[in-house]
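Enquirer: Encoded as C-alpha cells, here's the structure I'll be asking about.
Laboratory data are not the source of any read-out in this text; all were calculated from the coordinates shown. Nothing here was measured: the structure is a model prediction, and the numbers come from that model. Note that each Cβ is placed from the backbone with ideal geometry, even for glycine, and that neighbours are counted across all protein chains shown.
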C-alpha cells in the first residue's frame, strides 16, 4: 500500500511540465499576467530600496594600527627572614638583577597595583614579621641568660 503525502492540488488542463524544447510556445500559464501580492508600505519601501541600490560586497576593514605592547617581567622574591629581592626582565634580557627591596616598599607597590596582589603579599609579610618577632624574643631570652651567666662569674 502506498500513501501519498503531497498536498492535493486542484486539477488543471495545463500540462504538468513546461515545454523545454520549444521555449517560444506559450501556455495559458505563461500568457496570463502575474498579479503581484498585496504589499504593505514598509515592505514596498524596502523592496524599492533593494531595486534602487545594488547589493555591495561587505566593506573590508581598514588596517587598524596595532598598539606595540611592551612586556616586562618583575619578579619579587621574599624569604622567611624578611629579605626581599627584585629582578626585572624584558624578554630574555635582565634589566635589573638581585636588587634588595624593603618589605614596606613591596607592600606599597602591591597596593598601588591591585588589591588582589596586595592581600596575599601582605599576608606573607605579616607571617615573616611574626617569625622575626619570635626570633627576636628567643634571642632576647638567650641574651638575658648570657648576662646572668656573666654576672654569676663575677
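Enquirer: Could you give the nm distance between label points at residue 71 and residue 122, where each point is 7 Å from its Cα heading toward the beta carbon?
Expert: 3.2 nm
Enquirer: Express the C-alpha Rg of segment 73-153 as a ratio against the empirical globular expectation 2.2 N^0.38 Å, rounded to two decimals.
Expert: Scaled against compact globular proteins, the figure is 1.57.
Enquirer: Could you order the peptides 83-94, 138-149 from most to least packed, using the average number of other C-beta atoms within 10 Å per residue?
Expert: Ranking the peptides 83-94, 138-149 by packing returns 83-94, 138-149.
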